[in-house]
Structure formats: structure tokens, C-alpha cells
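Worksheet for the structure shown next.
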Amino acid sequence: MVTKIGLISDVHASPVPLQQALDIFEREKVSDIICAGDVAGYFDTLDETIELLERHHCKTIIGNHDQQYIESAGDKADSPQAQYLRALPETIELSIENKKLFIVHANPPSAQHGGIKLLDQYGELIQQQKDLWQKKLAGFDYDVLIVGHSHQVYTELLGNVLVINPGSTEFNHSCMILTLPDLSVQTFALENKTILKSWNFGMLFHSNNRYPSRKN
């Protein structure tokens, strides 16, 4: 049997590219959707974003922006948005088609900061980083490790572990589909934009000279 899994991350309260990713997953008939954290952050359309994730039964973990939202919620601490984020797990472990998957926002065992950064600012693989993480993941007893946080887009086999970062739907303009059991990965561009393999604040300010503000 063949199973397709939709992969997204770092949606950052931006429902437009998220909806496009979900449309792709529906078209490709995925069996499950995994979101590797950071539902909140940057934009003010968190309600719509959470609604989409819930409607499509996305398996979602908590990220650092979600944790920050909870900690700074103040009089919104009991809001539906805060309750949704508070209920998210730090990690998810799955067994699909005899393959073991581990999902965490930044890096194992449950970090929300740091992250597995394998690419330089131009999206090129840094061999030293690949070697470093291959050593760190030696003995990691999973076939697939799915991460987010770093706003980098890659699929790299590190030792016996296939490490996947689908990138940010908003900032990298990307999502992925993982097919099991053959461990093949497809990457899709969103919003008719070119996929940025590596994104950071410096790139944003250089191109826009302003803080991001998406209104939908």
C-alpha cells in the first residue's frame, strides 16, 4: 500500500498560502497532514488559520511562536486560539507503512529553538552542518524526522534518518508531500512564487524595508 502525507510548517497565522497547500493536498489525495509548528506569529489572522488546520484535521505540534502567544496572551488566555495552541503536543510519533516518523518543531528531543540548519543564505547545503547533524542523529531510532523552525526547505538523508523540512508556507512559499513506504518527497510552490530554500529577517527587510503585514 502507498500512503501520501502532506507536510507544512511555520504557517504563521497566514491563511492564504496555507489554503493553497491544503488544496494541493486534497488534489493529491493525501491520507494525513502534518504541521511542524508555529501556527501563530507575524500576522493577525490566527482565527482563520486555526480554523483551516482544524477543518482539515491537521496533526500539529507547538512551536516557539505558539508558546510565545500563550505566554503573552494576557486577558486572551482563555480565548479559543490560546486554548487550541495550549493543547498542541511538543512532538508526535507515528508509524505508517512500517516507517517510524518523529515530528518536532526545531530538533529532537523536543526543542522549539535552535533547529536543524543545513543551508546557507543562498539555499546551498553546508557540508559541515550536514556532517554535524549526521553525528547528532546517530542512533536516532526513526526512519523520518520532520522539522520546521529554521525556514529552510530541504530533504536530506543523514545516516539512516531522512530529515525533512517543508519550509514555511508563508516565507518559503512551499509545502511537501511524503510518500510511504518508498520515502519519496515532492515539493510544491505556493502563491505562484519561487520557493526560497532559505529565508530570514534580513532578506525580508532588504526586499521590503518594512515589517510584514498580511491582510486577508
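The numbers here are math on the coordinates, done by the rules we state, and not lab data. Since we're looking at a predicted model, the values are computed, not measured. Positions of Cβ are generated from backbone atoms using ideal geometry, with glycine treated the same way; all protein chains shown enter the neighbour counts.
Side notes on the structure shown:
- Efficiency of FRET between Glu93 and Gln121 - r from beta-carbon atoms, R0 45 angstrom, step 0.05: 0.85
- Among beta bridges that DSSP assigns inside the chain, antiparallel share in %, nearest 5: 65 percent
- Low-density loop cleavage sites - trypsin sites (Lys or Arg not before Pro) in segment 1-87, where at most 11 other Cβ are within 10 Å (DSSP): Lys29
- Per-peptide average of other Cβ atoms within 10 Å, ordering 43-53, 126-136, 156-166 highest first: 156-166, 43-53, 126-136
- Spatial extent of segment 79-149: Rg and Dmax, with the Cα atoms as the point set, Å: 14.6, 45
- Spin-label model, Gln128 to Asn160: label points 7 Å out along the Cα-to-beta-carbon direction sit 2.9 nm apart.
- Estimated from the Cβ-Cβ distance and a Förster radius of 41 angstrom, the FRET efficiency linking Ser79 and Asp23 is about 0.90.
- Residue ranges 35-41, 111-117 sort as 35-41, 111-117 when ordered by packing (mean number of other C-beta atoms within 10 Å per residue, highest first).
- Computed packing ranks the peptides 9-22, 97-110 as 9-22, 97-110, most packed first, by mean other Cβ atoms within 10 Å.
- Counting Lys and Arg as +1 and Asp and Glu as -1 over every other residue whose Cβ lies under 11 Å from the Cβ of Ile116, the net charge comes to +2.
- Under 15 Å, Cβ to Cβ, from Ala77 - net charge with Lys/Arg +1 and Asp/Glu -1: -2
- The chain, helix-only ellipticity at 222 nm - DSSP H runs n ≥ 4, -39,500 (n - 2.57), divided by all residues, nearest 500: -7500 deg cm²/dmol
- Here is the size of segment 75-120 from its Cα atoms: Rg then Dmax, 14.7, 45 Å.
- Whole-number Å³ per residue for the convex hull built on Cα positions in segment 3-208: 114 Å³
- Based on C-alpha pairs under 8 angstrom that are at least 6 apart in sequence, segment 3-208 has a relative contact order of 23 percent.
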